[in-house]
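Read-outs throughout are calculated quantities, based only on the coordinates presented, and are distinct from any laboratory measurement. Note that the structure is a prediction, hence the values are computed from the model and not measured. Positions of Cβ are generated from backbone atoms using ideal geometry, with glycine treated the same way; all protein chains shown enter the neighbour counts.
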Amino acid sequence: MSDKRNDFIAGNNLALYGEKIIVSLLNQSNVECYLSTYKRASAFSKVYEMMPDFWEYQCNSIKNYADGKQDNKARYLIADKMSLQGVGYIELDYGNPEMPEVDIAILGEYQRKGYAFETARILFLDIFENESIKCIVWNAFRSNKASCRIAEKLGGKGVERKNLVVEAMQAAGLKVNPADYKKAPATVAYEISKTIFMNKFCDRNCM
C-alpha cells in the first residue's frame, strides 16, 4: 500500500474496499476532500450557492464531525480506488437508532458507473453484520430514477415520505414556510430490511 493511500485513510476507524471504491469514515485527514465533494454532489448544491447561511451550517457540522464532535450521523467519503479522488459521499442519520436514514450522492461525472450501488452494498453489509439494525431507510427524489432503481436493487420497499427539502432547511435552523415549497420535488423512501438484504448479498458463512 502506497504512502499516499496510507495517508488517505490514516486515523479512520473504518475503511471499506470495493472493486472500484474506498469508503472512508470522515475525519481530519479527508475533511477538505469531503467538503469539496459534498458541496458539488449534494442535491442542494444550487441552494448552497444561493444561501450561504445554509452552506455554512452544513460546513460547520461536517468540520465538527471531523474534529471528533460527532452527532447522530455517520459520514463517509466515497473515493475512486485507483485515483483516490473523491467521487461522492454517503451519510446515515441515526435520529431513529433502529432505522437510520441514508443520504448518498455521486458527482455527475462519476454517475452511472456503479459507485453508488457498490458503496451501499459494502457499507450496508458491514452495518447489518456489526450493528443491531433491522432496517435502513433510503431516501430518494421520485424523479431520480437511478437512485430509486438502486434502492430497489438493494431490496428496498417503497413508502411515502415527507418533503425532504423543507426538513433539511428546518434542520439547519432556517425559517421555512412549507407552503412555499409545495412544488419541491416529491420524495420517496425505501425501507431496506436486514433479512431481505442479507439474503440477497450475504453468503451463508456470514449469516
Heads up, the range 55-136 by the C-alpha gyration tensor (a ≥ b ≥ c square roots of eigenvalues; a/c under 1.5 rounded, else a/b over b/c prolate, else oblate) looks oblate
Separation between the ASP53 and GLN85 pseudo-spin-labels, each 7 Å from Cα along Cα→Cβ, expressed in nm?
-> 3.6 nm
Label LYS200 and VAL159 with points 7 Å out from Cα along Cα→Cβ: what is the distance between them in nm?
-> 1.7 nm
Obtain the nm distance between the two label points defined at ASN72 and ASN60 by a simple spin-label model: each point lies 7 Å from its Cα along the Cα-to-C-beta direction.
-> 1.9 nm
